[in-house]
Each structure stands twice: as C-alpha cells, then as structure tokens.
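These notes concern the structure reproduced below.
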Amino acid sequence: GAGADNDLYINQAIVFIEDAIQYRSINHRVDSKSLWLYRWYYSRTCQWILSLTITVILALAFIEEPSSLTVTSDVRYRLPAWNPPCGLTESIELLCFLVFVVDVSVKSYLIGWKEFWKNKWLMAYILTLIVSLTDWIVSLSFFCKESVRIRRILRPFFLLQNSSMMKKTLKSINSTLPEMASVVLLLAVHLSLFTMFAMLLFARTKDNQQDKEWVVYFRNLPDSLTSLLVLLTTANNPDVMIPAYSKNRAYSIFFILFTVLGNLFLMNLLTAIIYNQFRGYLLKSVQSSLFRRRLGIRAAFEVLSSLKETPASAQQSCVSVGALLQVLQKAEMDSRCKQAIMRSLKMCSCDQLSAAQFQKLFEELDKDAIKQHPPSPEYQSHFMQKMQFAFGHPYFGYLGNVVALANIISICVVLVMDADKQPSERDDFFLGAINCFFILYYLLEMLLKILAMGLKRYLSYPSNRFDGLLTVILLILEIATFAVYGFPHPGWRPEFMGLLSLWDMVRLVNMLIVFRFLRIIPNMKFMALVVTTLLDLVKNLRAFAGILVVVFYAFAITGIMLFKGAVVPLGNTRYIGNKPSASVFSLWVNIVLYFKEKNVISWCSAHFQAEVIYCLLYVLSVHLICRWAKIYFVAWWLISSVIWVNLFVALLLENFIHKWDRRCQRESLSDIEYQRTVELMFRDVLEEPTEEELMEKLHQHPHLQLCR
C-alpha cells in the first residue's frame, strides 16, 4: 500500500509540474487512471492529431463548392473548378467530428462533472458539435444541394477553443469592448452630424450640371453616410471632394474638418483607449498565468511532502531531493530548465527542501531563454592565430556587406540596361562574369569564416547559416550553368527553358544577397531594438494571429453564403461565333450609360485601368444586389481595421516600450542571444502570490485531498 501511494504521489507531482510549465489549470482528476489519460491527452502525438484535425476541417472550405482549386481567380478566363462529389468532404468532416467528440469527452471526464458546469468553453464546444452534426445530417438528406451550411461558419470555433492563450486574448478583448464602444459611438455621432451637414451643403439645385456632388455621393441618406464612412478610411480621398471643390474651393473646408476630427483625433483616441484598457486586461491575464504556475509547483510540493520517506519528525513540510530528482527525470520539460534545476540540486548540501526552496528551484522556468554560442577553436600556430583574428573580426563581415552591395548594384545596372532589349539582343557575358566573381568571393568568405570560428560556432549564427546555404545553392547553380551552357563569353545567351531557366534562377537567387545587410542590425542599437520587437511579435503573437484567422474565416464563409451568385461571370466576351454577341454588346452599353450618369467610369479607370469593364460590372452588382450588404462590409471594417489593428498597435507599443525601458539594464554580448515570451514581457510588474492564497486555492481543489 505504501509503495502504491508513493507511485501515485510521484505521478501527481509529475503532472502538476507539467501543468505549471504549460500554465494549465490543476483542477482535474488525480487518480492513477485519470493521470495516465491526462498525460496521454496532452502528449505530443495526441495534440498533433488534434491540430491536424483542426487544420483539415478548416481547409475543407478550399475544395468545397464553390471550389478555389483554379489557377486563376478571374471568373472570365478560369476553367470550371473541380467540385468534390457528395459525400467526400462530408466523410472527412465526420472523421473530424469524431475526433472532436473524443476530445470534448476526455476533457469533460478529466475535469469532473462539477467543474464541467463551470466551464463555458466546454459547454459551447458541445453545443457547436451538436449544431454541426445536425447540419451535417441535413446536408446529406438534401444530397449536398443545400445553399446554407451553418457548420462552415462554426468551424473556426474548433481552432479558438484549442488555444488557452487565444481564449485569454479573446477574454481581454471582450473586457475592452465597453470602452471601445464609447469611442465607436462617438465616431457614429461624428459621422451622422457631418452626414446631415453634407446633405444640406450639397443639396440638389436647378442646375443639374452643378449637382455632380449630389448625384454621385450625397443623393440620399444611405449614399451620404456611405460616402463619408469611406472617407473616414481615406479610400475615396480626394475623389469625394473633387466635384464640390471644382465648383467652389471653400467646400474643401468641410472635408478637411471631417478628416481632421475623424482620423487625427477620434481614431487615435480609440487607439489610446484600446492600448490603456487592453494592456491592463492582458496584464491580468498574464498575472493569472503566473498564479497557475506557482499553484502547480506548490501542488507538486504538497503531494511529494506526503511521501512515506519524508521524516515524521520534521516541524514543517519538506520534500526529499531524491524524490524531486525522480520527478524531474520523468517530467516533460525543456532540457535547459531541467539541467539548471539538477545543477542547483547538486550544489545544494541539504537532503530535504522546504516549500520556499522548492519554489525557488522552479523559478528557472521564468527566466529568459539564453542561447550561448560555442567557443572558437584554439590554434597553436602564430600564423593561424593571425588568420583567425583577421577573418573573425567584425570588419571582415562589413567587407562582405560591401561586396554584397556591389553585387546588387551590378545586377540592377545590367537589368536596367537590358530592360528594353529583346531576349535575342541581350548579351549575358557581363552578368555571367560578374556572377563568377561574386560567387567565388562568397565561397571564399564562407570557408575563411569557418576557419576562424570553427564549424559549430559558424553554424550557431542564423545569419551564417543563411549565408552558407545561399552560397552552396549559388555554387551548385553556377556549376550546373557551366555544365549546360559552357563558360561565359562575348555573345553568350543561355536559352530560356521551361518556366524559369537555370540562368534566370541564378540571377533570382543573387537578389537574395540583399538579406546580407540584415547582419548589420545587431550593431545598430536602436534599429536592433525595433527589429527584435517585430521578431518577438511574430514569435509570440500566435494567439492574435489565430483570432485573426478566425475572423477572416468567419467573414469569408459568411460572404460566400450572402453573395453567392450575385456576380454572374460572362466569360471571355470578345467573340462568340466569330461575331460580337448582340446581347452582350447591349448589356455593356447599358452598363456604360448607367455609370456615365453615376460618374463612376473615371473612378474605375483610375483604380483598375485595363479592367474598367470588369470593374463596372462588379460595382453595378454591388449597387443592385442589396443595400443591406453594406452592413456586412461595415462590420468587417470595424472588426478588422478599427478594432483589430488598434489591438495590434497596442501590443506593439507595449512590447516596444518594455524593451526600450530595459535597453540599458542588460549588456549587449555577442555570444549570448536572449529570447522573450509574452509572459516575460510583464515579469517585472507581476506580483507573486502569497502562501495563504496558494494554500487556500489548493484546499478548494475538487479532486485533491491534502494532508494538512
């Protein structure tokens, strides 16, 4: 019995530590079978299968009707798309639904019945599955001919519920909405007032020639409101004011006031409010993540302190070092953190760890990830030491940047000189000779750097890996070019073969040398700050990117259902039976006459040039479909441009200000690279939970019974 209890405590500690690492809740079942199921569910294999299932069900939209499997998106010229037979995509959907049913069943079982009723996400998960399966059955009963598929709009939910960070971000956004709504309401008032002013200013007069502003933009209330709303996005600026400005310059004051108040004041005020509110809610979310981590570590300590090998005479709870080592060996965690904790344990002279010591060991999880480069080789020869000093010096890298710049300039000069020449008139001798020289230099530079730094240290730098890979590709292509076309000589013109000839590939890869200049960024302090901020955003904003995918996907599917069949492709209408089609010609005449009255032809010409007729057909369809369609596009603009862009700016500012404040607190060492996460951004302002708070939360655990 004692051995079984010890094994259970060890397994519980392993799971609690893994929960702490991943910021997961510890409120789940902790018996032996449940712990095994829990670790199996969160294993890489299961999570990979779940992620693959989510990707597959989202990707079905690309092959379902209307299929996107065409080379061109132009409805006039593309061939009929392949539409899968009824039952094919539905079978794939059913498999995905079965995976989701298993997923929600395991989650519901692990947290227990009481916790299930508190978890709104799980309840929404089950409701989404029920609606999706019902819609799937209806689809099959109609032999896949139904026009509306509700389950397609619900698919992004599966992506949303699978990410804890996405759910936290969405919760933060939801908490910020009341403050954002106040500014959006102010924008609506601003828009409404100026709409009234515009309808009074540009009212219809007796002279129809002077009423172009009224005819095109301010004919009625919906058109006036739409024109000013588009002006708020600056998409129709200055087109919207040209007719009035042509009549009287003083009318420009109206448009200037509207733009200044709307764009410069209200939109930036919205950005400021979103930044202030969202930063606070995101900070609270990160604070709760820190509490989860500390709670998981403390739970592991409490169960390990219940082991039979713990001395009974101890005045306070403690954990043996051997038990902790046993847990660390089985726990799934970063090797860097595991090695650091084990080193700390070896340096510790005591056999028992208190709660404070135990918690302090796992503070290694909160530290920045540090990557240290291998040392350079040590040469005994004095000549080799000089070589190592010369070619390992930063100035040698600067020389490589100068050579790369010369390479780019030479390629650009040759391309400009040959831009107007026919392929048969071009002489590629000069460019071929230039390529030979530069590729030989890149090869020599790579070899000398490897000599100075050693292969391991050379490959530890991403810029060197990129340069080395690029040099190898260039060398292989150059050798292949010489093998096929021979060495460059006057009048040398390698023939064009296939989509991209070998010689064109060499010239294209040469343009990638421009990325060599990215290596100078770490040497420029402020530029490095900006670039590292952007890189951190790319690495750490997966939650934001995921929600953005959800929004795009939902609006795309909604748009397909709302506007399906609204624009009927006419095909290539140049000739039908060697004669222009009379009906098509008549249609075009009516379209041109319609838009001549509306003064839209000039707008289409300015924005689409050669595609004027297609643009007119599109705009006509938008005018004639339904005015209620504007609600869809306004909602898209509000969510994607107004709200989401400002949220992105808010986090960008927070990340940049955080790095700006810390720029003098850390020395810039060339051999060390620091990697930060969203949680570490706020590490300096987070509050550590007290022992009373942790113990109170542990005693409220629905499945864990503590000894004290």
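The values are calculated or read from the model by the stated rules, or taken from the named source; none is laboratory data. Not measured: the values here are computed from a predicted model. With ideal geometry, Cβ positions are generated from the backbone for all residues, glycine too; neighbour counts draw on all protein chains shown. Side chains are part of the model used for accessible areas, which takes the heavy atoms of the whole protein and leaves out ligands, DNA and RNA. Shrake-Rupley method; radii C 1.70, N 1.55, O 1.52, S 1.80 Å.
All other residues with a Cβ under 13 Å from the Cβ of ILE547 taken together, and with Lys, Arg as +1 and Asp, Glu as -1, what is their net charge? Please report the intermediate quantities before stating the final value.
Working: positive: LYS167, LYS168, LYS171, ARG542; negative: none.
So the environment of ILE547 carries a net charge of +4.
Going down the list LYS284/LYS346; LYS33/LYS697; LYS33/LYS338; LYS33/LYS118; LYS114/LYS697, which pairs span over 28 Å between their C-alpha atoms? Could you put the intermediate results ahead of the total?
Details: LYS284/LYS346 36 Å; LYS33/LYS697 24 Å; LYS33/LYS338 26 Å; LYS33/LYS118 23 Å; LYS114/LYS697 16 Å.
Pairs exceeding the cut-off: LYS284/LYS346.
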Worksheet entry | Mean separation of Cα contacts under 8 Å (6+ apart) over length of segment 74-190, as relative contact order % | 21 percent
Discussion item. Would you report the distance distribution of C-alpha pairs in segment 88-137 as whole percents per 5 angstrom bin, up to the bin with the largest distance?
Written reply: 5, 20, 28, 21, 14, 8, 4, 1
Discussion item. Over segment 199-309, what portion of Cα pair distances is larger than 20 Å, expressed as a whole percent?
Written reply: 61 percent
Worksheet item: Mind listing the Cα extents of segment 345-422 along all three principal axes, in Å, largest one first?
Response: 82, 43, 18
Practice prompt. Taking every pair of Cα atoms in segment 158-243, average 1/r, invert it to obtain the Kirkwood radius, and report Rg/Rh to two decimals.
Written response: 1.25
Discussion item. Rounded to the nearest percent, how much of the accessible area of segment 1-48 (1.4 Å probe, protein heavy atoms only) is carbon and sulfur?
Written reply: 53 percent
